[in-house]
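Data first, discussion second: the structure below is written as structure tokens.
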Amino acid sequence: MADEPTLPPPRAEHLSSSLRRNIEALQERRRQEGASSTSQERLAAAITAFTGSMPFVYLHLALYGAWIAINVGLVPGLRAFDPSFVILAMAASVEAIFLSTFVLISQNRSAAQADKRADLDLQISLLTEHELTTLTWLVTAIAERLDLPLNDPELEEVKKDIAPEAVLDEIDAQQASE
């Protein structure tokens, strides 16, 4: 009982229209990114998806298992063709080179998409910060007009707009001093 939320999650039909629009926009963007990828990128993604699956593991268990079983003499009627397993080791090494390359291609594409999303998050955060600063100024002006007491010492700090360059410079300075 303690793990259950106090309120049930909203059903999909109860989501706000702006949230629905955002979800649709993100899905459309993903479709566009998928459509704009090159055939080489799609091939690399397909290979990476397959090699990261259990059928790939089962296929390798069967192939390598059969290779080993034949070459150690466990399969009657079949003669060993790679008793020292040199060919198997070479094939596995070449396969590992290609698979790691496909994984890196997919990771590079994913990293580029993640960078775009991080830039979007930053832009939204900066816009939100600016809007909240503007709203703080407005609410403060309304409170002063209504002669309401403003005793919060943090209020003046909140009314200052954030300069992202200054924040980044401070972060860099802090990291350099460590």
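The values are calculated or read from the model by the stated rules, or taken from the named source; none is laboratory data. The structure displayed is predicted, hence computed values, not measured ones. Note that we place each Cβ from the backbone using ideal geometry, even for glycine, and neighbour counts take in every protein chain shown. In case anyone asks, the SASA skips ligands and DNA or RNA and just uses the protein heavy atoms, side chains included. Shrake-Rupley method; radii C 1.70, N 1.55, O 1.52, S 1.80 Å.
Which residue fluctuates most in the GNM of the chain (Cα springs below 10 Å): Val158, Val167, Val57? Among Val158, Val167, Val57, the largest GNM mean-square fluctuation belongs to Val167. Across the stretch 94-178, Cα-Cα pairs more than 22 Å apart make up 58 percent of the total. Atom-type composition of the exposed protein surface of the chain places 64 percent of the accessible area on carbon and sulfur (1.4 angstrom probe).
In plain terms, the bigger the Kirkwood radius, the slower the diffusion; for the stretch 1-79, with that radius from Cα pairs, at 10 °C and 1.306 mPa s, Stokes-Einstein puts D at 87 µm²/s. For the stretch 81-131, count all C-alpha to C-alpha pairs, find those more than 13 Å apart, and express that count as a whole percent of the total. Value for the stretch 81-131: 71 percent of Cα pairs lie more than 13 Å apart.
Among the trypsin sites (Lys or Arg not before Pro) in the stretch 1-105, those placed in a DSSP loop whose Cβ has at most 13 other Cβ atoms within 10 Å are Arg11, Arg79.
Computed on the Cα trace of the chain, the radius of gyration divided by the Kirkwood hydrodynamic radius gives Rg/Rh = 1.24. Computed over protein heavy atoms with a 1.4 Å probe, the accessible surface of the stretch 54-172 works out to 77 Å² per residue. For the stretch 119-178 and the stretch 43-117, what is the separation of their Cα centres, given in Å? Centre-to-centre (Cα) distance: 53 Å.
The 3J(HN,Hα) values that the Karplus relation (6.51, -1.76, 1.60; θ = phi - 60°) gives for the stretch 9-18 are, in residue order, x, x, 6, 4, 6, 9, 6, 5, 5, 5 Hz. Gly and Pro appear as x.
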